[in-house]
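Down below is the structure, laid out as structure tokens.
The values are calculated or read from the model by the stated rules, or taken from the named source; none is laboratory data. Just so it is clear, the model here is predicted, and its values are computed rather than measured. Cβ placement follows ideal geometry from the backbone for every residue including glycine, while neighbour counts extend to all protein chains displayed.
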Protein chains: 2
Amino acid sequence: MSEVEELGKKARAAASKLATMTTSAKDEALLAMADALVSGAPLIVERNKADLESGREQGISGALMDRLTLTEARIGEMAEGLREVAAMRDPVGEIVDGWRMNNGLAVEKVRVPLGVVGIIYEARPNVTVDAAGLCMKSGNAVVLRGSSNAINSNTVLVEVISEAAGKARLPRDCMQLVRSTDRDAAREMMRLHGLIDVLIPRGGAGLIRTVVENSTVPVIETGTGNCHIYVDSSADVEMAVAITVNAKTQRPGVCNAAEKLLVHGDIAGVFLPAAAKALREKGVTLKGDDAARAIVEGMEEAVEEDWYTEFLDLILAVKVVTDLDEAIAHIGKYSSGHSEAIITRDYGSGKRFTDEVDSAAVYVNASTRFTDGAQFGMGAEIGISTQKLHARGPMSLTELTSAKFVIRGEGQVRK
Amino acid sequence: MSEVEELGKKARAAASKLATMTTSAKDEALLAMADALVSGAPLIVERNKADLESGREQGISGALMDRLTLTEARIGEMAEGLREVAAMRDPVGEIVDGWRMNNGLAVEKVRVPLGVVGIIYEARPNVTVDAAGLCMKSGNAVVLRGSSNAINSNTVLVEVISEAAGKARLPRDCMQLVRSTDRDAAREMMRLHGLIDVLIPRGGAGLIRTVVENSTVPVIETGTGNCHIYVDSSADVEMAVAITVNAKTQRPGVCNAAEKLLVHGDIAGVFLPAAAKALREKGVTLKGDDAARAIVEGMEEAVEEDWYTEFLDLILAVKVVTDLDEAIAHIGKYSSGHSEAIITRDYGSGKRFTDEVDSAAVYVNASTRFTDGAQFGMGAEIGISTQKLHARGPMSLTELTSAKFVIRGEGQVRK
């Protein structure tokens with residue numbers, strides 16, 4: 001049996017036990033894991049140095065090195081994250097629906113864990129702890145497969161938290177880290193149909209495509225955000241500028257940041273110069289179609305490829321559209337289905353935009369940056385689903401569950 | 001562009017229109033489709049003969065020929081099915097949840113169609129009409145891929161109902177039949193990621209495995225039912241016999257029929273002879289483990305393979321277990337996760353069984369034959385999901401939807 005298959009089987013066995021553990025037992029384990037991270041911080045920082053060293057040798061970028069770096073403060077934040085998850089409501093056991101059939105059978109639809117959740121992720125070692133915490137609270141075992149860059153950090157993190165979970169009487173095997181960092185191990189993990197119930201890739205578009213193409217395990221696609229702001233002809237210009245600047249620049253490297261700006265032709269002459277000025281003051285590079293470039297000087301030309309691209313940087317592509325129909329059609333064609341906003345004072349435009357734009361989050365007069373589990377009040381999230389099956393938008397504890405029907409009778413048979 | 005890709009694109013375009021159609025418009029179209037089936041019945045029966053003829057030439061089995069045969073009465077039943085779907089509540093537009101954020105943003109979670117649903121199915125032409133009706137009511141376009149055996153029947157059915165839908169001002173393209181019946185067309189359909197939102201295979205275990213192995217489109221697995229009855233030591237023997245006979249024989253060829261009988265050792269000596277007598281009177285062949293065969297004479301020996309097999313026939317495999325733990329472990333190992341029942345008078349056994357058995361439907365003192373959308377009161381179903389992602393158990397209109405977040409503000413930006 002390969003390493004990956006063995007991990008899958010261990011996780012499956014642990015999942016059966018974890019599924020029926022009480023909320024108190026899970027919360028105690030989460031708090032113990034948090035304490036263990038804090039007291040284990042010096043060890044974790046020490047082991048993290050090995051990843052940083054080989055990162056330096058490989059010449060990986062400064063931004064990536066920063067994400068990879070674990071400090072006592074960052075480990076403290078991870079621990080705090082686990083305590084927050086412990087404080088969240090346990091979705092398992094919730095009776096979602098229930099009724100009595102004509103023949104007297106009592107039907108309940110009860111929330112249960114998914115079983116075994118697989119996470120394939122890049123760089124950031126904090127995903128290891130965040131994902132393990134959310135999975136454990138929702139009663140799921142987790143199989144983690146991080147990047148080779150972070151293998152020493154991920155290994156020590158899983159050692160520390162799974163030991164603490166085990167001491168707190170949870171099945172230690174409920175957290176499994178795939179230690180081989182070669183591609184074959186990841187591919188094998190994607191084929192563990194029957195052992196892993198769902199795979200959630202967290203990383204760039206390339207990783208997500210690879211998982212979708214190769215997985216027989218059901219996949220939830222997350223986190224690709226080619227988000228649009230559409231400024232309607234009736235928009236409040238000041239509000240439109242403020243929202244555009246916020247959505248683009250408040251944190252440009254994240255999936256809910258705006259990447260595209262569509263502007264109604266009737267307002268472009270007034271809005272675009274003001275927006276361009278404010279955006280450039282924040283260091284944003286603008287790319288535009290011909291109409292936008294005719295209004296704002298010094299814009300680069302936007303090419304077809306740009307309309308599909310998630311820049312994740314201080315770059316914004318701008319297009320002038322003739323009407324709402326063109327804006328909706330453009331979003332339908334190029335968007336990744338994450339978050340889109342209309343800025344308008346017109347009731348009908350707002351209604352049509354929210355009715356017809358088919359993305360996870362559709363805004364009227366607000367920044368796309370709010371698409372986030374914590375911002376929405378749903379709590380910590382394991383990712384933002386940009387697909388329609390099972391979960392859409394921020395995925396938190398409830399989205400890590402399934403349901404089963406429990407039917408109680410006194411001898412009913414079918415006629 | 002291949003036929004399949006072209007169909008996918010047409011369906012995707014039609015889905016955008018269908019998503020925002022009113023319930024009245026969809027219901028009128030469903031009723032028009034029902035009327036068109038009734039008035040088109042002579043033509044449909046005529047075209048069906050071509051399938052029956054080539055079926056006879058290929059020497060396909062009597063049961064299959066029966067499923068393939070369309071009569072005016074059967075077409076009338078399909079029409080009635082569409083009228084029932086028209087009478088069901090439209091899930092689209094339902095506000096599933098909603099709240100106000102601290103900053104005043106109003107969040108709504110609104111039910112929306114999935115988009116394009118792909119169905120790959122075997123034999124029965126009635127699936128064509130049933131699936132098209134449920135997809136249309138839930139605002140989804142549908143791409144249908146039936147078996148080559150039924151191609152003439154499926155073609156005329158889609159012609160008749162899509163013409164009626166078109167006349168009733170629905171996008172005609174919302175129902176697409178894949179006309180090539182070779183394997184490549186089906187494989188290509190499984191790779192239409194981005195054009196098809198979900199694939200639902202309906203057929204035998206082989207078909208489902210092929211779809212899971214080859215699909216990049218998300219798949220919902222349906223309808224494999226290796227269902228268990230567990231007779232606890234405290235069971236009412238008369239009730240246990242009645243439920244076992246019903247679950248096995250009331251309709252043996254369907255997915256919610258019992259395939260396995262587990263019996264507590266303490267009651268096996270009393271229960272098994274009574275059950276065997278009643279089952280054999282209904283023509284059931286019994287296979288047993290050594291302990292069962294020591295109690296009931298003339299049982300065939302059950303082999304390892306039998307415990308995994310969905311017989312779909314008047315065959316029942318019987319095993320004597322030492323306790324509830326063994327029963328739960330056996331079900332966990334061999335079940336397909338469809339429906340399982342415990343027959344017991346003991347409160348604790350019932351509670352443990354419903355808590356620990358991880359299947360779509362778990363019964364206490366009732367027949368597994370009730371796992372069905374109509375029986376549950378959920379209405380007509382497109383299949384019974386045996387997986388945990390997105391939907392579990394009977395899938396009706398609600399299970400053919402997703403949700404999106406609509407957020408309304410007055411200029412909110414993130415700090």
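A:Asp325 fulfils the conditions (1) under 18 Å from A:Ser233 (Cβ atoms); (2) touching a strand residue (DSSP E or B) at 6+ places or on another chain (Cβ under 9 Å) except for a single criterion, (2). So in the range A:221-243, with the set limited to residues that are within 10 Å of chain B (Cβ to nearest Cβ) and in contact (Cβ under 8 Å) with a residue 40 or more places away in the chain, which one is farthest from A:Gly393 (Cα to Cα)? Taking the candidates together, the pick is A:Asp236. When the test is whether a residue is farther than 17 Å from A:Tyr121 by Cβ, among the charged types (D, E, K, R) and either modelled with pLDDT under 90 or not assigned by TED's automatic domain parsing to the domain that holds A:Arg124 (or both), A:Glu213 does not pass it. Evaluate the following for B:Thr354: is it touching a Pro at 6+ places or on another chain (Cβ under 8 Å) and either among the charged types (D, E, K, R) or surrounded by fewer than 24 Cβ atoms within 10 Å (Cβ to Cβ) (or both)? It is false that B:Thr354 is touching a Pro at 6+ places or on another chain (Cβ under 8 Å) and either among the charged types (D, E, K, R) or surrounded by fewer than 24 Cβ atoms within 10 Å (Cβ to Cβ) (or both). Answer yes or no as to whether B:Arg47 is crowded, with 16+ Cβ neighbours inside 10 Å, within 14 Å of chain A (Cβ to nearest Cβ) and part of a helix (DSSP H, G or I). No: the conditions fail for B:Arg47. Restricting attention to the range B:328-343, which residues are over 20 Å from B:Pro273 (Cβ atoms), aliphatic (A, V, I, L, M) and crowded, with 22+ Cβ neighbours inside 10 Å? Within the range B:328-343, B:Ile328, B:Ile331, B:Ala341, B:Ile342 meet the criteria. Across the range A:307-327, the qualifying residues are those that are of a type in the set (Phe, Trp, Tyr) and within 20 Å of A:Gly203 (Cβ to Cβ), and the one among them that is surrounded by the most Cβ atoms within 10 Å (Cβ to Cβ) is A:Phe311. Looking only at residues in the range B:108-163 that are among the acidic types (Asp, Glu) and more than 30 Å from A:Val362 (Cα to Cα), the one that is modelled with the lowest pLDDT is B:Glu122. Within the range A:123-171, the set of residues being touching a Phe, Trp or Tyr at 6+ places or on another chain (Cβ under 6 Å) and touching a residue at least 60 places away in the same chain (Cβ under 8 Å) comprises just one member, A:Val127.
Per-residue answers, yes or no, for (1) out of contact with any strand residue (DSSP E or B) (no Cβ under 8 Å at 6 or more places or on another chain); (2) without any contact (Cβ under 8 Å) to a residue 24 or more places away in the chain:
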| site | (1), (2) |
| --- | --- |
| A:Lys282 | yes, no |
| A:Leu286 | no, no |
| A:Glu305 | yes, yes |
| A:Thr309 | no, no |
| A:Glu340 | no, no |
| A:Val362 | no, yes |
| A:Asp372 | no, no |
| A:Ala380 | yes, no |
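With a requirement of 1 or more residues that are over 12 Å from the mean Cα position of the chain (by Cα) and at the interface with chain A (Cβ under 9 Å from one of its Cβ atoms), the strands (runs of 3 or more DSSP E) lying completely within the range B:334-404 that satisfy it span B:339-343, B:361-366.
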